[in-house]
1. Given the convex hull of the Cα atoms of the stretch 25-177, what is a quarter of its surface area in nm²?
2. Quick one: Debye curve from the C-alpha atoms of the stretch 192-238, no solvent, what's log10 I(q)/I(0) at q = 0.28 Å⁻¹?
3. For the stretch 259-336, state the average projected area of the convex hull of the C-alpha atoms over all orientations, rounded to one decimal in nm².
4. At 222 nm, what helix-only mean residue ellipticity would the chain give, in deg cm²/dmol to the nearest 500, using -39500 (n - 2.57) for each DSSP H run of four or more?
5. Counting Lys and Arg as +1 and Asp and Glu as -1, what is the net charge of the other residues whose Cβ lies under 11 Å from the Cβ of Ile388?
6. What are the ³J(HN,Hα) couplings of the stretch 153-167, residue after residue, when phi is run through the Karplus curve with 6.51, -1.76, 1.60 and θ = phi - 60°? Round to Hz, x for glycine and proline.
7. In terms of modelled amide H atoms, which long-range or inter-chain residues lie less than 5 Å from the amide H of Thr195?
8. For the stretch 128-136, take each phi angle, set θ = phi - 60°, evaluate the Karplus expression 6.51 cos²θ - 1.76 cosθ + 1.60, and give the result in whole Hz per residue in order, putting x for glycine and proline.
Amino acid sequence: MTTLTNLTELTPLDEAARERLNDAAQAMIARTSAWSDVNTGSWNTAGLKAFAPMLAEAFSELEADVELVQTEGFEAVADNGKAEARETGPVLQITARPEAEVQVVLSGHYDTVFPAGTFEGVTDLGDGRLNGPGLADMKGGLCVMLEALKAFEAGPLKDKLGYRIVITPDEEIGNFASAEYLTRAAQAGAMIGMTYEPAMETGAMSGGRKGSAVFDIVLHGKAAHAGRAKEEGRSAIEAAAELVLGLEALNGKRAGVTLNVGSIDAGSAVNIVPDLAIVRFGARAPDAASAEWATSQIKALFEKAIARDGISGHLHGGFYRPPKPRNEAQQALFEAVHATGRAIGLDLEFVDTGGVCEGNNIFAAGVPNVDTLGVRGGRIHSHEEFVITDSFSERATLSALILNRLADGRLDAKRIKSLMGN
């Protein structure tokens, strides 16, 4: 049974894992740097397909079944307003001891936000920091996951714990192709989830997360010569402008709900009444009721837009990641992870955030999870992204100790999972 006292105590097995992972620190840094040199931008399908076998080979070091599965892709709205199929890379699925008493789902992603040719190479910034694409978000986290599992499997408790790992190629664009794989793995008996997004530079971790939506609203009008027959045209941009004002006006109407219009793709020559406009926007909501409210407001504004004379259209998208609020199960897990961190001198803080990740998907599948178990770093999603090198052994040790405690029962996974209904 979980008590904070026994979680803070280091056993000889914990010490052995810690020593092993300290010794592996330089190898982890070298492997992550090599992985960073392979571009895996979310839309770089060739790069994703080239990197996935490298990842599969590395994870074959585990005592587990490793499988690469090509996804069917997903639908996205193109610049012509039509939905089209987009292809991405394969999902890496890894399964070990599915018959074990304790089951864990682990997740991560190998895509980055950087298109090929935009941010390349690893640079030593000094002071224990490296700069490079995906070092923190999240190839470093994948390396930490792998080494923590190897350390755990080197101990005598491995038969008490089984796991399923899902590593995706499209997290940075919403997991539209891979979400079903996350859900299936979580619902295959998992009690606890562990996701390897980077921790903050300070070591703080994410607590509650908002839900996230992506919408595309396509509006069709009627083209006409702006000089000769302006009155015959119906401007899709005019309809889009009114729609955008309505969307942005929703900000501040309900606590925690935000909307942001990212772009309006429309128009051509100034002497043509524009007959196509695509409004692309995102929304965030702190809980399910707020997500439903936001969706209903968006639908109402869309209906108003297509009620205009000569305007038609369609709405694409929605809340692809449900909210992940703090609940009793999440809080119990955070407290257990905090106590485990104390065993190696960490005072972990859990901070609520508007950001989203695969932990949202796993929570929605009914599994409590901690989702920032990766390396410490900062400036992610920018060319200044960096990783703190001494966090590799630190964070791998934290995960190994969590696995040890799940396997020996000091961290009661079944009890924490039971709290999800409260």
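The values are calculated or read from the model by the stated rules, or taken from the named source; none is laboratory data. Not measured: the values here are computed from a predicted model. No Cβ is skipped: glycine too gets one built from the backbone with ideal geometry, and neighbour counts run over all protein chains shown. These accessible areas exclude ligands, DNA and RNA; they are computed on the full protein's heavy atoms, side chains included. Shrake-Rupley method; radii C 1.70, N 1.55, O 1.52, S 1.80 Å.
1. Working: hull surface 41.5 nm².
Mean projected area for the stretch 25-177: 10.4 nm², to one decimal.
2. -1.07
3. Values: hull surface 27.8 nm².
Here the figure is 6.9 nm², rounded to one decimal.
4. Working: 12 runs with 143 residues, N = 422.
Roughly -10500 deg cm²/dmol at 222 nm, from the helical runs in the chain.
5. Details: positive: Arg129, Arg376, Arg395; negative: Asp127, Glu201, Asp390, Glu394.
It works out to a net charge of -1.
6. Computed from phi, the couplings for the stretch 153-167 are 6, 6, x, x, 9, 4, 6, 7, 9, x, 8, 10, 10, 10, 10 Hz.
7. Those lying under 5 Å, H to H, from Thr195 are Ser107, Val370, Asp371, Thr372, Leu373.
8. Karplus-based 3J(HN,Hα) across the stretch 128-136 equals x, 10, 10, 10, x, x, x, 4, 8 Hz.
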